[in-house]
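This report concerns only the one structure given below.
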Amino acid sequence: MAFFGTSGGLFGGGTSSPSIQIVGVGANLLSMAMSAKLTQAGYNSLSLADRQAINSGARLDSDPAVITPWEQVSETRTLNQKVREARALTNFIDLRDSFISGTEDPDKQATFAIYKALDNLRALAEYAADSKTSTSSLGRLDAQFQMGFGQVRDYISEVDLDKLALFMGDKEYTVDSTVRLGKDQTNFVGSAIMDNPDTAIAGLTGSEVFTVSITKFGVKEDIEVDLAGVAGDLTLNNIVDHINTQIQAIPQLDENGDIKLDGDGNPVSKYGTEFTVNRTADGKYGIAYTGTLLEEVGFSAAVMEPTLYVASTTSYLDEEYARTGRVTEINGLSGTLTVDNSFDFASTDLAATDIKERTADLDDDDLDPKLAALRDEMLADAKADVTGSDEADTSSVDENATSLTNIDSDVKVNADTETRRIVVDSEGSIYVVGQTAGSMDHQINTSEGGDVYLTKFDSEGNVQFSRLLGVGGEADVFGITVDSQDNVIITGQTDSALTADDVFDGKDAFVTKLTKRGDEVFTYQLDKIGDAAGLSVTVDANDDVIIGGYTRTAISATSGFGGGRDSLVLKLDGATGDLTSSAVIGAATNEEVKGIALASDGNILIATEEDGQAVIRKLDAADLSVELASYTLGDLGTGGSIEKMIVDGNDIYIAGLTNDASLGTNINGAAAGGYDGFVAKFTDGGGSVSYDYTTYLGTTGTDSIADVTVASGKLYVAGSTEDILAGEASTGLVDGFVARLDAATGAIEDQEQFGRSLARSEVSGVAFTEKGNSVLSTLGLPVGPAQTYQDRSVATQTSVREGDHFYISIDGGRKKKIEIQAGDTFDDLARRIRIAGGGKVKAEYSTTSEGQKLKISTLDGGPSVDLLAGEDGFDILKKIGITPGKLLPKEEVFGISDEEEEYSEETLGGVFGLKLEGALNLQDKTTAKYVLGLLDDAIGTIQRAYRSTIFDPVKASLLNQKPGLNSAPSPYMAARIANYTDALNRLTGYSQAGSSGGFF
């Protein structure tokens, strides 16, 4: 209704006076207007005076005997008092509260209980957002907030209502998976190396030769690129032209073996791959190529220098920063060891990143969180406009929307990512394995205590793929190796079920084998009553897998068990993962296998810690229970440990840390004090093991050696130090180091210390490769495959494991199980959902720039669909980024009806979404402001939900066009209207005595 006509603003504002049109307003129309105003107002966003005014008339459309919680808010309480009360709560949802238990109506109970819980959460958020609140108290506030928020979420998901349907998030008729299955890339961009593509590249002489390999239809062809044939200077543009000339010179043959010609009679090139010069956003240039899905490209060089790659975990003095992984390249192995390059990596905290994205435009001092919430709602509505029609082209939305799997680096929040081990395969690709709290690539981390990750990098540090083990509880990894086919095998420990055979609680040893493309070959889990772990792994000549670790129980009727921790050795079939033999070795004390390797004669060598003693044992490969030889080195001291064993011919080396200054008899140098790193050498004599020497590496601080490798008569050890190694300089709080030793004598030849300022660099592993620095490094190209074509199934590309599941229920009916099977894509999963839904649910996949996504929707005019989570650790929905819940028919979401439904007591209630989605928190003031705005809106929504259950006869008269609109209001209503009319008369300066209506 428009009652004012002005020429200078609402009340004039200029020289002109308002032009007022006098309109009569009957009492019942005024009652209806007041009711509408109350419905639209957000109680907590109003001033005290407005709240009092509303309280005086808030029951115009309800029973005067019902007092709502928001009518009883005491404005005499300070914020500090409210926060103290909220922090003292153990039950935010308290149905025993006399105010709530006084009504038997389930809708009133729910709305009142939720309101009180949200009001207490709001007090916490308001206090957290206050500029006077110390940041040190935010953690405690957030802990209480999370408890209450979780109770509200659980209550809403379980409460049985009459007229209402309540959602913690928004009401939806469709939902998409946030993860995509990825797409094989035909384009590749090398590292940027030049400011000008026409400037000669420093370090090139023109004698360099490298190979571009193209594999097509399973056939690999090597194309030699000799820089001596480059026309002109050795610039990026000239080198790229020369590469393309070499590739295009290879003709395509027809079915008869003749050269295929185009329409102009020119030979058709066999390959579609074309190299270009790429310009980065910061103006640097490097080599790139555009290929086809049929052609896989790789690189190798005629001359390559050996390189070390060191894995470490970086933790910062400022604990707000997550721990991150780092790979450091060490060159100069035959001379002076030098740090040549390094790259960092980390997983993503999806929940924190989601919050950061939502609060990205919030200013700590100025921007009202409600404005940001309104902005987000408008953006969501805009997207809904595009996606609302089945025929709409949503590709632009999908490709441009920021998803959980394609997060801009400016807003990405890192999660703790720790390295454990590192290896390099025969092609020069790098594999790092460790534990993380975050998600990687398309893999959503659903673990409670950390999951195992495996990431493959090329030699330039580009990620080729990442994989999570996919546990619901906790998992860690301790060993990694590659076999003759460059398959990757990892071993560790988990408390979660990785296979269908897992029945016992506790922590189990596991072994997982993956191909170099990231496909899982098998997973083996040792499921026994007692705990077990795999700590080290190797392969034999047949690529069968052998792991060493410990067990706290017998693993078979004949294995025996000594007590405490016993040493464990398992042998698995390399193709199937079946257990073929095993041994448990130990006494009543603690024993465990810390290193395992294949002896030169094919038998098994293990390095064990036995009641604090370092021991080498040799086992018969044909019968692991038979010991062929052993040697006890001595006591490692309290806290000492063996970290790695490696075998080179008949030479055996172990490395670790000790505080025993006399570990062995032939000692190189003296222990520096405290904990020192050590290397000890032994000789395998077939039927005996003999000791050769011990070398200490350390300072007066705490030092350790994490890993050791051997090549060409040299030992390379990597570890960490809290002090300064001889001839080196300290960089951080804890630095990493690499040392080269003469393998025969143990003499230290060189060492290199490295780190980061105000950080701890904890080294976890070192790997040697012959395929290191070369002309390819100079050109910014990797050694080995430039891209990895992968299986794009759900179980490969996400953290979903075969056998994971969820349930659907149609219109509240019997729930049906949807289970992932080997090789399933989202297309397969969608078909399985449609079948289980009996044609009453819409499930489909679509292709985006990030690969397939899954979409589940209700049918137009169809029933509601419940998406129900699978059991903990096995839930597909969580692992593909879909929140369990109810999908409503579209007409219920948008309030669309083909028929005009009469307003009556039978049509009261409705569907309400609180829009409290994501991992909301109070960990910083900006986020607390944002959460405060969401809670204000949610409180307003829960009030509207309550009012929707109250029958309004005035509204009924108007909507249903029934008599009574002009009848006299009730005395209760009349009194309220009189108060409101007086206020309007005073506001406008106009009154009309004796009228039951208002005029202005």
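The values are calculated or read from the model by the stated rules, or taken from the named source; none is laboratory data. None of the values given here were measured: they were computed from a predicted structure. Please note: Cβ atoms are built from the backbone with ideal geometry, for glycine as well, and neighbour counts cover all protein chains shown.
Among all residue pairs at least 6 apart or on different chains, which show Cβ distances below 8 Å where the first residue, located in region 264-286, is not assigned by TED's automatic domain parsing to the domain that holds Ile201 and the second is modelled with pLDDT under 95 and among the polar types (S, T, N, Q)?
Short answer, once both residue conditions are applied: none.
Evaluate region 811-833: report whether one residue or more is within 30 Å of Ile430 (Cα to Cα), polar (S, T, N, Q) and part of a strand (DSSP E or B).
The answer is no, given that none of the residues of region 811-833 is within 30 Å of Ile430 (Cα to Cα), polar (S, T, N, Q) and part of a strand (DSSP E or B).
Would you confirm whether any residue within region 312-319 is at pLDDT 95 or above, among the hydroxyl-bearing types (Ser, Thr, Tyr) and within 30 Å of Gly713 (Cβ to Cβ)?
Yes; the residues of region 312-319 include at least one that is at pLDDT 95 or above, among the hydroxyl-bearing types (Ser, Thr, Tyr) and within 30 Å of Gly713 (Cβ to Cβ).
Looking at region 620-636, can you tell me whether even one residue there is on the phi < 0 side of the Ramachandran plot and crowded, with 24+ Cβ neighbours inside 10 Å?
No; the residues of region 620-636 include none that is on the phi < 0 side of the Ramachandran plot and crowded, with 24+ Cβ neighbours inside 10 Å.
Quick check on region 288-311. Is at least one of its residues among the aliphatic types (A, V, I, L, M), touching a strand residue (DSSP E or B) at 6+ places or on another chain (Cβ under 7 Å) and outside any strand (DSSP E or B)? Spell out the reasoning first.
Pass one, region 288-311, residues among the aliphatic types (A, V, I, L, M): 288, 293-294, 297, 301-304, 308, 310-311.
The next check asks that each one be touching a strand residue (DSSP E or B) at 6+ places or on another chain (Cβ under 7 Å); those that pass are 288, 294, 297, 301-302, 308, 310-311.
Add one more test, that the residue is outside any strand (DSSP E or B), and what stays is 294, 302.
Checking region 288-311: at least one residue is among the aliphatic types (A, V, I, L, M), touching a strand residue (DSSP E or B) at 6+ places or on another chain (Cβ under 7 Å) and outside any strand (DSSP E or B).
Among the residues of region 212-231, which ones are among the hydrophobic types (A, V, I, L, M, F, W, C) and either assigned to a loop (DSSP other than H, G, I, E, B) or in contact (Cβ under 8 Å) with a residue 24 or more places away in the chain (or both)? Break it down into steps so the answer makes sense when it comes.
Our first condition is that a residue be among the hydrophobic types (A, V, I, L, M, F, W, C); within region 212-231, this holds for 212, 214, 217, 219, 223, 225, 227-228, 230-231.
Within region 212-231, Val212, Ile214, Phe217, Ile223, Leu227, Val230, Ala231 meet the criteria.
Would you confirm whether or not region 553-570 contains a residue that is more than 31 Å from the chain's Cα centre (by Cα), free of Cβ contacts under 8 Å to residues at least 24 places away in the same chain, outside any strand (DSSP E or B) and surrounded by fewer than 18 Cβ atoms within 10 Å (Cβ to Cβ)?
Yes, there is a match, as at least one residue in region 553-570 is more than 31 Å from the chain's Cα centre (by Cα), free of Cβ contacts under 8 Å to residues at least 24 places away in the same chain, outside any strand (DSSP E or B) and surrounded by fewer than 18 Cβ atoms within 10 Å (Cβ to Cβ).
Restricting attention to region 331-367, and to residues there that are part of a loop (DSSP other than H, G, I, E, B), out of contact with any helix residue (DSSP H, G or I) (no Cβ under 7 Å at 6 or more places or on another chain) and closer than 27 Å to Asp170 by Cβ, which single residue is modelled with the highest pLDDT?
Of everything passing the filter in region 331-367, Asp349 is modelled with the highest pLDDT.
Scanning region 113-140 for residues that are of a type in the set (Ser, Thr, Tyr) and buried (at least 20 other Cβ atoms within 10 Å of the Cβ), which turns out nearest to Tyr930 (Cα to Cα)?
Tyr127
Is at least one residue of region 242-265 within 39 Å of the chain's Cα centre (by Cα), at pLDDT 95 or above and either surrounded by fewer than 19 Cβ atoms within 10 Å (Cβ to Cβ) or polar (S, T, N, Q) (or both)? Don't jump to the end; show me each part of the working.
At the first step, the residues of region 242-265 found to be within 39 Å of the chain's Cα centre (by Cα) are none.
No: region 242-265 contains no residue that is within 39 Å of the chain's Cα centre (by Cα), at pLDDT 95 or above and either surrounded by fewer than 19 Cβ atoms within 10 Å (Cβ to Cβ) or polar (S, T, N, Q) (or both).
Within the bounds of region 81-88, is there any residue that is at pLDDT 90 or above and part of a loop (DSSP other than H, G, I, E, B)?
Looking for residues that are at pLDDT 90 or above and part of a loop (DSSP other than H, G, I, E, B), one finds at least one in region 81-88, hence yes.
Quick check: anything in region 687-695 within 20 Å of Thr608 (Cβ to Cβ), under 44 Å from the mean Cα position of the chain (by Cα) and surrounded by 16 or more Cβ atoms within 10 Å (Cβ to Cβ)?
Checked region 687-695: at least one residue is within 20 Å of Thr608 (Cβ to Cβ), under 44 Å from the mean Cα position of the chain (by Cα) and surrounded by 16 or more Cβ atoms within 10 Å (Cβ to Cβ).
Of all residues being polar (S, T, N, Q) and not in a strand (DSSP E or B) in region 166-191, which is surrounded by the most Cβ atoms within 10 Å (Cβ to Cβ)? Just the residue, please.
Checking each candidate, the answer is Ser177.
Looking at region 250-260, is at least one residue among the acidic types (Asp, Glu), touching a residue at least 12 places away in the same chain (Cβ under 8 Å) and assigned by TED's automatic domain parsing to the domain that holds Gly291? Working first, answer last.
Taking region 250-260 and keeping what is among the acidic types (Asp, Glu), we get 254-255, 258.
Next cut, touching a residue at least 12 places away in the same chain (Cβ under 8 Å) only: none.
Scanning region 250-260 turns up no residue that is among the acidic types (Asp, Glu), touching a residue at least 12 places away in the same chain (Cβ under 8 Å) and assigned by TED's automatic domain parsing to the domain that holds Gly291.
Suppose we filter Lys886, Lys855, Lys915 for residues that are closer than 30 Å to Thr186 by Cα and within 34 Å of the chain's Cα centre (by Cα); which single one remains?
Numbers: Lys886 fails: closer than 30 Å to Thr186 by Cα; Lys915 fails: closer than 30 Å to Thr186 by Cα.
Exactly one of Lys886, Lys855, Lys915 is closer than 30 Å to Thr186 by Cα and within 34 Å of the chain's Cα centre (by Cα), namely Lys855.
Pull up region 854-875, narrow it to residues that are among the charged types (D, E, K, R) and closer than 29 Å to Thr494 by Cβ, then point me to the one that is surrounded by the fewest Cβ atoms within 10 Å (Cβ to Cβ). It would help to see each step written out before you state the result.
The first filter runs over region 854-875 and keeps only residues among the charged types (D, E, K, R), leaving 855, 860, 866, 871-872, 875.
If we keep only those that are closer than 29 Å to Thr494 by Cβ as well, we get 871-872, 875.
Numbers: Glu871: 11, Asp872: 13, Asp875: 21.
Step by step, filter region 854-875, then rank; the result is Glu871.
Based on what the data block shows, is Gly713 within 30 Å of the chain's Cα centre (by Cα) and in contact (Cβ under 8 Å) with a residue 24 or more places away in the chain?
no
What's the total number of residues in region 445-472 that are among the acidic types (Asp, Glu) and either crowded, with 24+ Cβ neighbours inside 10 Å or closer than 17 Å to Val179 by Cα (or both)?
Summing the residues that are among the acidic types (Asp, Glu) and either crowded, with 24+ Cβ neighbours inside 10 Å or closer than 17 Å to Val179 by Cα (or both) in region 445-472 gives 2.
State all residues of region 539-562 that are of a type outside the set (Asp, Glu) and farther than 16 Å from Gln525 by Cβ; if no residue qualifies, say none.
Of everything in region 539-562, those that are of a type outside the set (Asp, Glu) and farther than 16 Å from Gln525 by Cβ turn out to be Val539, Ala541, Asn542, Ile546, Gly548, Ala554, Ala557, Thr558, Ser559, Gly560, Phe561, Gly562.
Restricting to region 574-628, count the residues that are touching a residue at least 40 places away in the same chain (Cβ under 8 Å), assigned to a strand (DSSP E or B) and hydroxyl-bearing (Ser, Thr, Tyr).
So the count comes out to 4.
Consider region 490-525. How many of its residues are aromatic (Phe, Trp, Tyr) and surrounded by fewer than 18 Cβ atoms within 10 Å (Cβ to Cβ)?
Selection size over region 490-525: 1.
Is it the case that some residue within region 927-939 is in contact with a Lys or Arg (Cβ under 9 Å, 6 or more places away or on another chain), under 24 Å from Arg140 (Cα atoms), among the polar types (S, T, N, Q) and modelled with pLDDT under 95?
Yes: one or more hits.
In region 774-796, what residues are assigned to a helix (DSSP H, G or I) and of a type in the set (A, V, I, L, M, F, W, C)?
Quick first cut of region 774-796, residues assigned to a helix (DSSP H, G or I) only: 775-779, 794-796.
Within region 774-796, Val775, Leu776, Leu779, Val794, Ala795 qualify.
Mind listing whichever residues of region 705-721 are closer than 16 Å to Ala607 by Cβ and not acidic (Asp, Glu)?
Scanning region 705-721 gives Ile705, Ala706, Val708, Thr709, Val710, Leu715, Val717.
Please go through region 283-314 and pick out each residue that is among the small types (Gly, Ala, Ser), out of contact with any Phe, Trp or Tyr (no Cβ under 8 Å at 6 or more places or on another chain) and crowded, with 17+ Cβ neighbours inside 10 Å.
Residues of region 283-314 among the small types (Gly, Ala, Ser): 283, 286, 288, 291, 298, 300-302, 311-312.
In the following step, the residues that additionally are out of contact with any Phe, Trp or Tyr (no Cβ under 8 Å at 6 or more places or on another chain) were identified as 283, 286, 298, 311-312.
Of everything in region 283-314, those that are among the small types (Gly, Ala, Ser), out of contact with any Phe, Trp or Tyr (no Cβ under 8 Å at 6 or more places or on another chain) and crowded, with 17+ Cβ neighbours inside 10 Å turn out to be Gly286, Gly298, Ala311, Ser312.
Is it true that Glu274 is surrounded by fewer than 14 Cβ atoms within 10 Å (Cβ to Cβ), touching a strand residue (DSSP E or B) at 6+ places or on another chain (Cβ under 6 Å) and at pLDDT 95 or above?
Working: surrounded by fewer than 14 Cβ atoms within 10 Å (Cβ to Cβ): no; touching a strand residue (DSSP E or B) at 6+ places or on another chain (Cβ under 6 Å): yes; at pLDDT 95 or above: yes.
No, not satisfied.
Output the number of residues of region 402-426 satisfying the condition of being more than 20 Å from Ala475 (Cβ to Cβ), assigned to a loop (DSSP other than H, G, I, E, B) and modelled with pLDDT of 95 or more.
Total satisfying the criteria: 2.
Residues to consider are Ala869, Ala945, Ala956; find the one that is farther than 19 Å from Ile444 by Cα and at pLDDT 90 or above.
Numbers: Ala869 fails: farther than 19 Å from Ile444 by Cα; Ala956 fails: at pLDDT 90 or above.
The match here is Ala945.
Looking only at region 468-524, filter to residues that are in a loop (DSSP other than H, G, I, E, B) and acidic (Asp, Glu); which one of those is modelled with the lowest pLDDT?
Ranking the candidates gives Asp502 first.
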